[in-house]
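A.B. asks: Structure provided below as structure tokens; questions to follow.
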Amino acid sequence: MSVERMNMLNLVAPLEYVDDLVKEMVLFGKLHVVNAMVEIDDSNFILAVEEENIEEIAEMSMIHSYKEQQNLKTFKYQLENLMTFFDISKEIRSNYLSEHYAFKKTIESIDEIFLEVDRFQKDMNGKKQELSQLENIQNCLKMMTEVDIDLRTLNDMAFFNYEIGILSKEGREKIRKNYENIPAIVLHIGKDEKDEIYLIISLKEFELETDRILRSLNFRKLATPKNCAGKPPEIESLFEEQAKVLKAEIAQMEACKEEFKNKYYMDIAKAFSQNEMEEAKTIIKNNIASTDNFFYLSGWVPQKEKEQLTHRLEAYNEEVILVFKDTKEVYNYITPPTKLTNPKIFSPFEPLIKMYGIPSYGEVDPTLFLSLTYMFLFGAMFGDVGQGFVIFCMGLLATKKMGSPAYGQIFMRLGVSSIFFGFLYGSLFGLEHVLPALFLRPMENINTMLYSSIIVGAVFLFFSFAIGIINAAKRKDLKEGIFGRNGVCGFVFFLGLLMLLASAVNIEIIPIRFIIPIMSLCIVLIVVREPLTHLLLNKRPLHDEPASSYYTESVFEGLETIIGILSNTISFIRVGAFALNHVGLFMAFHTMAEMANSSAAGIFIYILGNIVVIGLEGLIVFIQGLRLEYYEMFGKYFVGEGIEYHPVALSCN
């Protein structure tokens, strides 16, 4: 439940090993690469000045970005075409990558296979296209049931064109009403199960106008036998024989296709895995710096993986210089990437964190706090044993069916929370008197629900302020950590506000005569936090902007702090309100079910009510819970300006 510790890796090796070492880095799959040229220009790429490193250090004065010219556009097109044609799945297999391979030979091999297969594929596609055209004409002939004429007569017309097709019902109505305006003869010649078939004969000089009118009538053209002679039934039997011959040829070609696939499957599958490796290697190579003899690589590696990487590169130990630096040595000028490490029970909530922002490397990982508070809020607002079980099952189904199961896992956990609060409220599918309430029934304890919501909100905000102060301390941010609206001063003002609210219900913790001055002092310190911080740090000038502008803005920020903290606390009353709304909404369906004339209708209304509540109110509660997290709590402690950890890796089988 933390941000994983990182080490900066600097690697130097002979240029001849660049392919092998970069491949090792991809297979290692834990390197978040950074641009080595930028690191060297900023004097951050530092090697120990030792005798064995002299040559590598000396050549750094002649360093440049690594360049590799490799146009793989044709190769990728050929590979994609072959995999689609043979229906080969896109799987990266580690056994094809662990062995040494020459990628240039792979490119040449795929080129030879493609040339051979492409001719066969074009021939096969030509046969299929010919068969498709033949079948379309056959379908057209079958529809021409009322045509007793030799088609040669239609095809040999010198001054007329003809089209056969389907007219929509609306199109037929338009023709009937405007027949005198159409420069064509429209004849009904047949029909199929759904549509009416028409023959359209028009003068060639009116071809464009006729086409325009037919399009406006939604006329759908059929493939017509333009070069045929004979009556439709005679031609149809002839085409059936031709179709049989084509189908036999295509079946034979399908068998040949399987032979090709068996022959070249391994070569194509290997080429795909190697291509994915080369693309991953290119990402690293684009960030490498080099000289005529050496290359220089920089990146972030999880601290716990340092030994594993060193072990992987043991074979190159005499040739490779590996330098690992702790974040304390480089954090001032390089921002480490953030990798969240959480138990499986909380890790599904990480996408909700990333929707808002990536935690900075030095921040407290908010996943645990968000997970617990969000499950609590959802369950408190949507407490029902039966409906919670449905949400759990929906999450389980989504986890098994969706490619990215994180949100399915979230719904499973929210379902469990809803079930837990359902037992506390004694609610089962909206029915309030089937189960005993282990805590209370919301509708019978309205004030308790609303007051409890505010208390829960105060507790959550208490921890939010505490986490924010810890984050500020980690950043060594005196200005915001001590005097900021979300720092110690804001925290003390918040505690004072809680004491004032407690005194309003006759619970006096500290006399009001002490609370008001302390709260006023906190607001004053928030207003003057910048000059006060500069004064404490002996920094001049006291203001980073004109004093008048600063104090105008700061005074309004002080007023906003007063209003904001009060509204943040009161905002949690929505938790109790939605818990009451959840019960009240189903009470409406319960009343309608009792008013129904039959038990079947009553059961239907109960089912419909649960569907509406789960679908509509469940979504609203999901969003409202996120709103409380993002606006009321995250604003107190979460900066979210980190860089997500993205190692260069392959998903191998």
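Only the coordinates and a few stated rules stand behind these numbers; no lab work does. Owing to the predicted nature of the structure, the values given are computational and were not obtained by experimental measurement. Note that each Cβ is placed from the backbone with ideal geometry, even for glycine, and that neighbours are counted across all protein chains shown.
A.B. asks: Quick one: what are the phi-derived ³J(HN,Hα) couplings along segment 423-440, Karplus 6.51/-1.76/1.60 with θ = phi - 60°, whole Hz, x for glycine and proline?
C.D. replies: 5, 5, 8, x, 10, 9, 6, x, 7, 9, 10, 8, 9, x, 7, 6, 10, 6
A.B. asks: Give, to the nearest whole percent, the P(r) tail of segment 543-649 beyond 22 angstrom, counting all Cα pairs.
C.D. replies: Numbers: 3481 of 5671 pairs.
Percentage above 22 Å: 61.
A.B. asks: Could I ask something else about it? Sort 500-507, 18-25 by packing, meaning the average of other beta carbons within 10 Å per residue, with the highest value first.
C.D. replies: Packing order, densest peptide first, comes out as 18-25, 500-507.
A.B. asks: Short version: ³J(HN,Hα) in whole Hz for each residue of segment 379-394, in order, from phi by Karplus 6.51 cos²θ - 1.76 cosθ + 1.60 (θ = phi - 60°), x for Gly and Pro, what are they?
C.D. replies: My calculation for segment 379-394 gives x, 5, 7, 9, x, 7, 5, x, 5, x, 5, 5, 4, 4, 5, 4 Hz in order.
A.B. asks: Can you give the FRET efficiency for Asp544 and Ser503, using 1/(1 + (r/R0)^6), R0 = 41 Å, r = Cβ-Cβ distance, to the nearest 0.05?
C.D. replies: 0.55
A.B. asks: Additional query: May I ask for the longest run of the chain untouched by chymotrypsin sites (Phe, Trp or Tyr not before Pro) that are loop-located per DSSP and have at most 11 neighbouring C-beta atoms (other than their own) within 10 Å?
C.D. replies: Here the longest run is 334-653.
A.B. asks: Once R0 is set to 25 Å, what does the formula 1/(1 + (r/R0)^6) return for the Cβ-Cβ distance between Asp326 and Glu24, expressed as a FRET efficiency to the nearest 0.05?
C.D. replies: With a Förster radius of 25 Å, E is 0.60.
A.B. asks: Same structure again: Give the calculated FRET efficiency between Leu431 and Ile562 to the nearest 0.05, with a Förster radius of 56 Å applied to their Cβ-Cβ distance.
C.D. replies: 0.80
A.B. asks: What's the Cα-based Rg to Rh of segment 367-637, Rh via Kirkwood?
C.D. replies: Rg/Rh: 1.10.
A.B. asks: At what distance in nm do the modelled label points of Arg513 and Glu80 sit from each other, each positioned 7 Å from its Cα along Cα→Cβ?
C.D. replies: Between Arg513 and Glu80, the label points sit 8.1 nm apart.
A.B. asks: Let me ask you something else. Residue by residue through segment 484-494, what is 3J(HN,Hα) from phi via Karplus (6.51 cos²θ - 1.76 cosθ + 1.60, θ = phi - 60°)? Round to whole Hz and write x for glycine and proline.
C.D. replies: For segment 484-494, the Karplus-derived couplings read x, 5, 10, x, 4, 5, x, 5, 5, 4, 4 Hz, x marking Gly and Pro.
A.B. asks: Using label points projected 7 Å from each Cα along Cα→Cβ, tell me how many nm separate Ser168 and Glu254, to one decimal.
C.D. replies: 3.6 nm
A.B. asks: Given N residues in segment 266-386, what is Rg(Cα) / (2.2 N^0.38 Å)?
C.D. replies: 1.57
A.B. asks: Starting from 0.36 nm per residue, how many nanometres of slack lie between Glu307 and His646 once their C-alpha separation is accounted for? Numbers along the way, then the final one.
C.D. replies: On the way: separation 339, 0.36 × 339 = 122.04 nm, distance 1.99 nm.
Fully extending the segment from Glu307 to His646 adds 120.0 nm.
A.B. asks: Loop only per DSSP, at most 15 neighbouring Cβ atoms within 10 Å: give me the GluC sites (Glu not before Pro) in segment 316-356, ordered by residue number.
C.D. replies: The qualifying sites are Glu318, Glu319.
A.B. asks: For the chain, take N as its residue count and report Rg(C-alpha) divided by 2.2 N^0.38 Å.
C.D. replies: Taking the Cα Rg and dividing by 2.2 N^0.38 Å, one obtains 1.45.
A.B. asks: Roughly speaking, what is the stretch gain from Gln129 to Ser216, that is 0.36 nm per residue apart minus the C-alpha to C-alpha distance, in nm to one decimal?
C.D. replies: My answer for the length gained is 28.4 nm.
A.B. asks: Moving on to the next point. Under a plain spin-label model, where a point goes 7 Å from the Cα along Cα-to-Cβ, how far apart in nm are Glu209 and Glu241?
C.D. replies: Those two pseudo-labels are separated by 4.5 nm.
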